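Accompanying notes for the structure given below.
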């Protein structure tokens with residue numbers, strides 16, 4: 001079955017880079033996502049990557065995809081205290097049928113001043 | 001912002017009482033979902049809908065039912081609430097391979 005794994009916690013200093021990792025098992029995944037959840041709020045889509053891409057960059061965010069190892073990472077450059085949140089990795093595959101993303105359990109990013 | 005609202009935002013109820021949570025969207029998205037979020041479990045799918053009157057079960061559907069009589073509204077009902085259903089409930093919609101989430105409803109069952 002499908003499964004998405006993430007480490008539960010990551011602690012970094014303000015100004016450093018953060019790298020959040022995710023592994024998935026469904027080789028037919030078409031889209032892979034990173035969501036951010038701030039305290040008391042819903043999930044907000046940060047970025048996503050199509051499975052035929054290796055990398056996507058969007059300002060301070062860099063997503064790397066290694067399809068061979070089924071490994072996805074999110075790098076946040078110059079991490080700020082406002083980046084403290086839970087980050088969820090998710091996968092889905094595009095088809096004419098259902099759209100049911102599978103989520104990891106989330107990585108809590110703690111940024112120390 | 002995909003225009004998703006949830007009501008109520010907070011609710012405290014007693015074991016055995018029925019509870020209905022409402023999700024309303026203004027984006028005309030076909031897919032709608034109900035998730036629960038609990039510490040250590042991340043997001044777990046309860047039920048989803050792929051159109052008016054078309055719904056299906058997720059991984060934790062026991063004790064929950066849903067209805068979708070209009071595109072914009074998706075209701076989640078706990079027929080007889082139990083303490084194990086104390087959780088934060090999120091509604092989501094999907095359009096164009098992206099999901100959008102509501103602000104959540106915190107439900108406490110005493």
*Give the distance, in whole Å, between the Cα centre of region B:34-110 and the Cα centre of region A:59-113.*
22 Å
*At 0.36 nm per residue, minus the direct Cα-Cα distance, what do residue B:12 and residue B:75 gain on full extension? Give it in nm, one decimal, please.*
20.9 nm
*Give, in whole angstrom and from largest to smallest, the semi-axes √(5λ) of the equivalent ellipsoid of chain A, with λ running over the eigenvalues of the Cα gyration tensor.*
24, 15, 12
*Which three extents, in whole angstrom, do the alpha-carbon atoms of chain B cover along their principal axes, largest first?*
39, 27, 24
*For the pair residue A:108 and residue A:27, what calculated FRET efficiency results from E = 1/(1 + (r/R0)^6), where r is the Cβ-Cβ distance and R0 = 25 Å, to the nearest 0.05?*
0.30
*Can you give the relative contact order of chain A as a percent, counting alpha carbon pairs under 8 Å and 6+ residues apart?*
37 percent
_Separation in nanometres of the label points that stand 7 Å from Cα toward Cβ, at residue B:98 and residue A:38_ = 1.8 nm
*To the nearest whole number, what is the average tally of beta carbon atoms from other chains within 10 Å of the beta carbons of peptide A:42-49?*
4
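For a Förster distance of 35 Å, can you work out the FRET efficiency between the beta-carbons of residue B:57 and residue A:68, rounded to the nearest 0.05?
So, using R0 = 35 Å, E works out to roughly 0.55.
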*asked:* Please compute the length gained on full extension between residue A:50 and residue A:80, using 0.36 nm multiplied by the number of residues separating them and subtracting their Cα-Cα distance.
replied: 8.1 nm
*Among A:85, A:77, A:41, which one shows the biggest mean-square fluctuation in a GNM of chain A, springs joining Cα atoms closer than 10 Å?*
A:41
*Summarise the partner chain shielding of B:38-44 as one whole number: the mean count of Cβ atoms from other chains within 10 Å of each residue's Cβ.*
4
*Hey, got the average number of other protein chain Cβ atoms within 10 angstrom for residues in B:98-105?*
5
*Residues residue B:5 and residue A:57, FRET efficiency given R0 of 41 Å [Cβ-Cβ distance, rounded to 0.05]*: 0.75
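Throughout, read-outs are computed from the coordinates displayed, never taken from laboratory work. Just so we're clear, the structure is a prediction, and the values are computed from it rather than from any experiment. Glycine also receives a Cβ, built like all others from the backbone with ideal geometry; neighbour counts cover every protein chain displayed.
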